[in-house]
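Undergrad: Once you've had a glance at the structure underneath, I'll fire off some questions.
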Amino acid sequence: MSELRFDDVTVRYGSGRRATTAVDGVRLVVPPGQVVGLVGESGSGKSTLARAAVGLVPVHSGRVLLDGEPVARRRRGPSPVQMVFQDPASSLDPRMTVGESIAEAVPHRTGGGAAALRAEVARLLTLVHLDPDRAGAYPGQLSGGQRQRVAIARALAARPRLVVADEITSALDVSIQGAVLNLVRELQRDLGLTVLFISHNLAVVRYVATQVAVLHHGRVVEQGTTAQVLGEPRHDYTRSLLAAVPAPLTSTEPVSTEPVSTEPASTRSTT
Amino acid sequence: MPARPSAPRRLPAVLRTPVGLAGTGLLTLLLTVAVLAPVLWGDAAEAIDTAAMLQGSSADHWAGTDNLGRDLMLRTLVATRLSLVLALAATALAVAVGLLLGTASLLLGARAGRLVTAGVNIAVAFPGLLLALFFAVVFGVGQVGSVLAIGLAGAPAFARLCQTLVAGVASRDYVAAARLAGVGRLRILLRHVLPNVGGPLVVNATIGAGGALLSFAGLSFLGLGVQAPAYDWGRLMQDGLNRIYLDPLAALVPGLAVVVAGLAFNLTGEAVARGFSIDTADGLGGVSLLAGGAVRTRRGRARRDRAAGAAASRTAPGAVAPDPTVADDGASGAGPGGASGAGPDGASGAVLDVADLVVTVPTPGGPVRPVRGVTFRVGRGEAVGVVGESGSGKTLTALAVARLLEAPTTVTARTLRFQGADLLATDLTAAQRTLLDTLLGTELAMVFQDPMSSFNPVRRMGTQLAEGARHHLRLGRRAARERAVDRLRAVRIPDPDRRAGQYPHEFSGGMRQRAMIGLGLMGSPALIVADEPTTALDVTVQRQVLDLLAEVRAQDAVALLLISHDVSVVADVCDRVLVMYAGRVVEDLPAAHLATGARHPYTRALVSAVPHLATDLDRPLTVIPGRPVDPADVPAGCPFAPRCPLADARCRTEDPELVDGVACWHPGERRPAEPAVVVA
Ligand SMILES: Nc1ncnc2c1ncn2[C@@H]1O[C@H](COP(=O)(O)OP(=O)(O)OP(=O)(O)O)[C@@H](O)[C@H]1O
Ligand code: SF4
Ligand SMILES: [Mg+2]
């Protein structure tokens, strides 16, 4: 279990007069074994921060530290920080089977040859609740939710010390997003996985994250435990975000436990 | 979803097209000749016959003879091998150099890549033939020199193509993921990038080979290419040219060979290219193919079309009442069973009346019906929501209602009435059609998910809003613009006068969406159809747009058909909700009943699958096992049966009708033990 620390991180795109600052002096800690939610409107710099964390974009100033050491991309072997991407359509190579994609991320030093590799792929698929027999399937044969679970399996294959999940349910249908969210919670609980979970959906973040940070114009304007930030927001921007969320369908009890009353003999109202 | 067809299995199918057949047929013939001709006739073509020098066409020598009495027909056939070998060698060189340059940015990193790109851009600017001549002079005459010349001259174009293709693949997430997994650059190139750009490269190389063949003929013809005693088609053409007026066949036969060979390569390339475009389209999966590919819509264009059609309208400004004659004349769509949609009922208040709406889309695998009999009504001023997962037919239903679907997509219905007017009427006079267009143009407003694609990027917002009003409402330029500014103000665009002079890209996403609603308000809409109007927006902006829609409704009793995959958005805004599954409405219920009163198992699952700010954190979210129905493959019986916890034998054989607001054999029932979590 590891701790990820953004130490006054600034990221800029472009150079000279046309440079824009996407992330502006962010200080943020993802404590070991926790899921930290990062919320903010589009363009607030969430994805940029995620990419900086794994070294896909260079930081302009400041440092990204994993257990006190810079997460500069190493020349050999998998990165200790892995990322799961937003778009299930482009996160897997369409011409490689699911098994090949996952196997690619398994560290070579594991040893044991082809049989061991197959076993490891099967273990990872089972971990994300996919049938190990699907290893031979191509991404085109899977639903968006299944593809996202393969992407999670691939990230886990690299034995990461931390996983960055960037809007991993935004492109999914509501009927399948639940399965992915359940999985994230389960992995955190059972494997003690440390996760930076990025989403613009507050209800989703509330469900998976133990802590929340709010990003606004590239700056962290508020952070704390989920209950604190969503329950007693201190920053105006957080309050406006919360106010914008559509009202819950039920205000008190979860729906699925209630035996349904036969009350609405709803004829098709026409006007 | 159909299993992913492998490339080798699809290729022959491509070659079954006429173009593919012609191309590969010619190419096979060519290759056979190239292999066999030198073996069979190599010696005969060299045989000097001083008795038959410079003869014309005859029974012995079909194409005549040259100045040493050698048979020109045989020489043309034998020259096939050298001509092809040289063309293919040059193409291989062009592709190899092009690949090296084109993948440099991936292999060497961004900075070196930029230098190479700049170099390639300069080289591409020179005409290919000029480059070839330049290199031919540099490398000297002869076969090797001209292969180098033509190969290098073709390289910049390939480099550019590779750069574009590689950049497209390299920006995909799976390449970033491979990088994070520690895969080296060269392996990323070989494993992830090249296989995914291979198709278009092969196609272009094939077509390029045809071009190289022509270039060779050109160089040899100019005397810079193949030198005697060796001969290719260009050389034969040059020899024949001297006596073209006396004996045209001597030059025309090798010329014809060049043309046939060029055609063979080009046709084959074209056919394979078509095959690959099929490949990329169905890589997206059946559902998205339907939503994006095969269905052609008019969307942004629709307004202009209608505006143009209405230019001749004699309707007074603002007074576009539904004309009863339109409804009466158009009897084609309404069968005898369409009682609910008959005239008097329409007058009693339904803005929109739809019964048994079916949308059929032709696909390579036969016609598919993504909307399979949708029935609903929208009352005056009522807000009706449509929810369902992607591919359930929500958007197609909206487009069909707005008459925005074009052939080859077909729309049929028992009833399809808007403001009492029959939208399916076909036998209308020009004036009636105009009236119908005006009715749709002024009283039905559409708001799409991506407002950018609905506006013309090169015209000012104010002008675009004013355009429709000038035609439909017959306003003058000034008046139309004033109304546009007024409407922008009505949808809360700050400083509307200045904003009206701006272009769409100068508006933020939320502002464009509001402008789109403003566009709908230029007339006096009775119905706003909004298809995922807030999906591309974030929560705060979504709230503003939803509030605006609610406000517009409250002011003018405008009805709303709001499509969304998000149950909470629909519940927040609408009076009534239609739940769609596999192209049908499976439940029609008051929005207030969604939380606890839903009777269809799918509606219930949908509601409890979405986390909200009061979701119990100690329980897993409800999961709907399995996957959405592919419209090309709807199961027998209830389409939800494979995913339904209540499904029994009857469900799997008989498809339930929508009765009393729900289409289910077990409405409102619960399983003895409600599933805690279902693992898909
Ligand atoms: N490659 C790039 N070049 C220049 N500017 C960029 C680039 N990528 C992002 N930006 C800008 O950086 C800012 C932050 O972008 P980022 O993608 O991190 O936002 P986000 O919060 O993830 O948004 P969304 O929710 O829409 O994905 C935006 O203003 C964006 O326009
Ligand atoms: S008809 Fe049967 S399978 Fe279909 S939703 Fe109702 S109970 Fe489920
Ligand atoms: Mg993002």
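Nothing in this text is a laboratory measurement; each read-out follows from the coordinates by a stated rule. No experiment lies behind these values; they were computed from the predicted model shown. With ideal geometry, Cβ positions are generated from the backbone for all residues, glycine too; neighbour counts draw on all protein chains shown.
Undergrad: Please report the relative contact order for chain A, taking Cα pairs under 8 Å with a sequence separation of at least 6, and give it as a percent rounded to a whole number.
TA: Details: 494 pairs, mean separation 68.4, N = 271.
Normalised by residue count, the contact order of chain A is 25 percent.
Undergrad: Jot down the radius of gyration and Dmax of chain A, Cα atoms only, both in angstrom.
TA: 20.4, 69
Undergrad: Applying the Karplus parametrisation 6.51 cos²θ - 1.76 cosθ + 1.60 with θ = phi - 60° to the phi angles of region B:129-143, what ³J(HN,Hα) value in whole Hz is obtained for each residue in order, glycine and proline being reported as x?
TA: Those phi angles translate into 5, 4, 4, 4, 5, 4, 5, 4, 5, 5, 8, x, 6, x, 5 Hz.
Undergrad: Now a separate question. Could you line up B:L224, B:L190, B:L256 from fewest to most neighbouring Cβ atoms inside 10 Å?
TA: The most exposed by this proxy come first: B:L190, B:L256, B:L224.
Undergrad: Rounded to whole Hz and in sequence order, give me ³J(HN,Hα) for region B:562-579 from the Karplus expression 6.51 cos²θ - 1.76 cosθ + 1.60, θ = phi - 60°, writing x for Gly and Pro.
TA: 10, 9, 7, 8, 9, 4, 5, 5, 5, 5, 5, 10, 9, 7, 9, 10, 9, 9
Undergrad: Need one number: the % of Cα-Cα pairs in region B:93-252 sitting beyond the 23 Å mark. Numbers along the way, then the final one.
TA: Values: 6185 of 12720 pairs.
Every Cα pair in region B:93-252 considered, those over 23 Å come to 49 percent.
Undergrad: For region B:426-497 and region B:183-251, write down the distance between their C-alpha centroids in whole Å.
TA: Cα centroid of region B:426-497 versus Cα centroid of region B:183-251: 55 Å apart.
Undergrad: Something else now. Modelling each spin label as a point 7 Å along the Cα-to-Cβ direction, I'd like the A:E186/A:H108 distance in nm, to one decimal.
TA: Going by the 7 Å Cα→Cβ label model, 3.4 nm.
Undergrad: Quote the FRET efficiency, to the nearest 0.05, computed for B:L129 versus B:E46 with a Förster distance R0 of 30 Å and r equal to the Cβ-Cβ distance.
TA: On the way: r = 32 Å, r/R0 = 1.07.
Step by step, r from the Cβ atoms, then E = 0.40.
Undergrad: Measure off 7 Å from each Cα along the Cα-to-Cβ vector at B:L100 and B:D618, then give the distance between these two points in nanometres to one decimal.
TA: 6.9 nm
Undergrad: Rounded to the nearest 0.05, what FRET efficiency do B:R670 and B:N456 give with R0 = 51 Å and r taken as the Cβ-Cβ distance? Could you check? Walk me through the intermediate numbers first.
TA: Working: r = 53 Å, r/R0 = 1.03.
So the FRET efficiency works out to roughly 0.45.
Undergrad: A further question follows. Which length gain, in nm to one decimal place, applies between B:A92 and B:D633 when the Cα-Cα distance is subtracted from 0.36 nm times their residue separation? Before the final figure, lay out each step's value.
TA: Details: separation 541, 0.36 × 541 = 194.76 nm, distance 4.44 nm.
Gain in length upon complete extension: 190.3 nm.
Undergrad: How would you rank B:E657, A:E3, B:E382, going from fewest to most other Cβ atoms within 10 Å of each one's own Cβ? Can you show the working numbers first?
TA: On the way: B:E657 11, A:E3 17, B:E382 24.
In order of increasing Cβ crowding within 10 Å: B:E657, A:E3, B:E382.
Undergrad: Right, here's the next one. For a Förster distance of 45 Å, can you work out the FRET efficiency between the beta-carbons of B:V39 and B:V138, rounded to the nearest 0.05? It would help to have the intermediate numbers written out before the result.
TA: Values: r = 36 Å, r/R0 = 0.79.
Once the sixth-power term is evaluated, E becomes 0.80.
Undergrad: Quick one: work out Rg over Rh on the C-alpha atoms of the protein assembly as shown, Rh as Kirkwood radius.
TA: Numbers: Rg = 33.3 Å, Rh = 32.1 Å.
Reported Rg/Rh, Kirkwood definition of Rh: 1.04.
Undergrad: Provide the gained length on full extension for the span B:V19 to B:A554, in nm with one decimal, where the gain is 0.36 nm per separating residue minus the Cα-Cα distance. Kindly include the intermediate steps, with their values, before the conclusion.
TA: Working: separation 535, 0.36 × 535 = 192.60 nm, distance 5.94 nm.
Once the chain is fully extended between B:V19 and B:A554, it gains 186.7 nm.
Undergrad: Share of antiparallel DSSP beta bridges in the protein assembly as shown, in percent to the nearest 5?
TA: Working: 49 of 82 bridges.
So the antiparallel bridges in the protein assembly as shown amount to around 60 percent.
Undergrad: Right, something else. Among A:L191, B:L473, rank each residue by its count of other Cβ atoms within 10 Å, from fewest to most, as a rough exposure measure.
TA: Values: A:L191 12, B:L473 24.
The most exposed by this proxy come first: A:L191, B:L473.
Undergrad: How big, on average over all directions, is the shadow cast by the Cα convex hull of region B:375-420, in nm²?
TA: Numbers: hull surface 15.9 nm².
Orientation-averaged projected area of the Cα hull: 4.0 nm².
Undergrad: Check B:V629: other-chain or 5+ apart residues with amide H under 5 Å from its amide H, H built from backbone geometry?
TA: Hits under the 5 Å cutoff: B:A582.
Undergrad: Another question, if that's okay. Remind me, relative contact order of region A:90-159 in percent, using alpha carbon pairs under 8 angstrom and six or more residues apart? Walk me through the intermediate numbers first.
TA: On the way: 80 pairs, mean separation 34.1, N = 70.
Relative contact order, region A:90-159: 49 percent.
Undergrad: Could you please tell me the mean projected area of the C-alpha convex hull for region B:360-516, averaged over all directions and given in square nanometres to one decimal?
TA: Working: hull surface 47.0 nm².
Taking the Cα atoms of region B:360-516, their convex hull projects to 11.7 nm² on average.
Undergrad: Dipole magnitude of region A:90-159 about its Cα centre, charges +1 at Lys/Arg Cβ and -1 at Asp/Glu Cβ only, in debye to the nearest 20? If you can, show how the numbers build up before the last one.
TA: Values: 9 positive and 6 negative charges, 31 e Å.
Roughly 140 debye for region A:90-159.
Undergrad: Report the equivalent ellipsoid semi-axes for region A:90-159 in whole Å, largest first, defined as the square roots of five times the eigenvalues of the gyration tensor built from alpha carbon atoms. Present the calculation step by step, with values, prior to reporting the outcome.
TA: Values: eigenvalues 69, 26, 24 Å².
Equivalent-ellipsoid dimensions as semi-axes: 19, 11, 11 Å.
Undergrad: Further question on the same structure: Taking θ = phi - 60°, what integer Hz values does the Karplus form 6.51 cos²θ - 1.76 cosθ + 1.60 yield along region B:349-363, in sequence order, with x for Gly and Pro?
TA: x, 6, 6, 10, 9, 10, 9, 6, 6, 10, 10, 10, 10, x, 10
Undergrad: So if I average 1/r over every pair of distinct C-alpha atoms in region B:591-680 and take the inverse, what Kirkwood radius in Å does that give?
TA: Values: mean 1/r = 0.0702 Å⁻¹.
For region B:591-680, the Kirkwood estimate is 14.3 Å.
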